[in-house]
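Participant: First, the structure itself, so that you have it in front of you.
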Amino acid sequence: MREKKGIICFSPLAQGMLTDRYLNGIPEDSRVRTDGRFLKETSLTQEKLSQIRSLNEIAVQRGEKLSHMALKWILRDGQVTSVLVGASRPEQILDNLKAMEGAGFTEEELKAIDEVTAQ
């Protein structure tokens, strides 16, 4: 990098929305229910949940978890140099590292992701 600067992404998993945590509703032990400062129940609209489920389908087709695909997407082009993930348990950090495994994105996958997120 010419400028010797980097971009850090804060909350790359959108407070857990880009994980499998909310695919089937709001768990009682979730941040929404126990804290609610950053992720509110009103944020999880049916439209948003539909988008998340569609993104999850793409991730499943790729053979990975939604959270892995989301982190890989953020880091895909080298412009973001680091992601600042929030985790409530150490195993979540270890799981997030798995995002570095597997294949990159095909043009078709990137187009499908863009179509879902443009809705």
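Participant: Go through region 104-119 and count every residue that is β-branched (Val, Ile, Thr), part of a helix (DSSP H, G or I) and open to solvent by 40 Å² or more (accessible area, probe 1.4 Å).
Facilitator: As a first pass, look at region 104-119 and keep what is β-branched (Val, Ile, Thr): 106, 113, 116-117.
Within this subset, residues satisfying the condition of being part of a helix (DSSP H, G or I) are 113, 116-117.
Checking the rest, the ones that are also open to solvent by 40 Å² or more (accessible area, probe 1.4 Å) come to 117.
The qualifying residues number 1.
Participant: Return yes when LYS72 is touching a residue at least 12 places away in the same chain (Cβ under 8 Å), part of a helix (DSSP H, G or I) and open to solvent by 30 Å² or more (accessible area, probe 1.4 Å) and no when it is not.
Facilitator: Numbers: touching a residue at least 12 places away in the same chain (Cβ under 8 Å): yes; part of a helix (DSSP H, G or I): yes; open to solvent by 30 Å² or more (accessible area, probe 1.4 Å): no.
Answer is no for this residue.
Participant: Moving on. How many residues does region 31-60 contain that are of a type in the set (S, T, N, Q) and under 16 Å from the mean Cα position of the chain (by Cα)?
Facilitator: Of region 31-60, the ones of a type in the set (S, T, N, Q) are 34, 42-43, 45-46, 50-51, 54, 56.
Now restrict to residues that are under 16 Å from the mean Cα position of the chain (by Cα): 43, 50-51, 54, 56.
Of the residues in that region, 5 qualify.
Participant: Being under 22 Å from GLU115 (Cα atoms) and basic (Lys, Arg), is that true of even one residue in region 10-23?
Facilitator: Checked region 10-23: no residue is under 22 Å from GLU115 (Cα atoms) and basic (Lys, Arg).
Participant: Mind checking which residues of region 75-98 are surrounded by 15 or more Cβ atoms within 10 Å (Cβ to Cβ), within 20 Å of LEU23 (Cβ to Cβ) and among the hydrophobic types (A, V, I, L, M, F, W, C)?
Facilitator: First pass over region 75-98, keeping only residues surrounded by 15 or more Cβ atoms within 10 Å (Cβ to Cβ): 75, 80, 83, 85, 92, 95-96.
Of the ones still in play, those that are also within 20 Å of LEU23 (Cβ to Cβ) are 85, 92, 95-96.
Of everything in region 75-98, just one residue is surrounded by 15 or more Cβ atoms within 10 Å (Cβ to Cβ), within 20 Å of LEU23 (Cβ to Cβ) and among the hydrophobic types (A, V, I, L, M, F, W, C), namely VAL85.
Participant: Additional query: Within region 75-95, restricting attention to residues that are outside any strand (DSSP E or B) and hydrophobic (A, V, I, L, M, F, W, C), which residue is nearest to the chain's Cα centre (by Cα)?
Facilitator: As a first pass, look at region 75-95 and keep what is outside any strand (DSSP E or B): 75-79, 85-95.
Still in the list and also hydrophobic (A, V, I, L, M, F, W, C): 75, 85, 87, 93-94.
On the way: LEU75: 11, VAL85: 10, ALA87: 13, ILE93: 13, LEU94: 15 Å.
Only one residue fits best here, namely VAL85.
Participant: For region 26-43, give me each residue that is acidic (Asp, Glu) and part of a helix (DSSP H, G or I). Lay out the reasoning, then the answer.
Facilitator: The first filter runs over region 26-43 and keeps only residues acidic (Asp, Glu), leaving 28-29, 35, 41.
GLU41, the sole residue that qualifies.
Participant: Failed condition for LEU18, given (1) touching a strand residue (DSSP E or B) at 6+ places or on another chain (Cβ under 7 Å); (2) outside any helix (DSSP H, G or I), with all others met?
Facilitator: (1)
Participant: Quick check on my filter: what residues within region 57-69 are open to solvent by less than 50 Å² (accessible area, probe 1.4 Å) and within 15 Å of ASN96 (Cα to Cα)?
Facilitator: Passing the criteria: ALA59, GLU64, LEU66, SER67, HIS68, MET69.
Participant: I'd like to verify a number: residues in region 3-56 that are among the polar types (S, T, N, Q), open to solvent by 20 Å² or more (accessible area, probe 1.4 Å) and over 30 Å from LYS111 (Cβ atoms), how many?
Facilitator: Residues that pass the stated criteria total 2.
The values are calculated or read from the model by the stated rules, or taken from the named source; none is laboratory data. Everything numeric here is computed off the predicted structure, so don't read it as measured data. In this analysis, Cβ positions are derived from the backbone assuming ideal geometry, glycine residues included, and neighbour counts consider all displayed protein chains. In case anyone asks, the SASA skips ligands and DNA or RNA and just uses the protein heavy atoms, side chains included. Shrake-Rupley method; radii C 1.70, N 1.55, O 1.52, S 1.80 Å.
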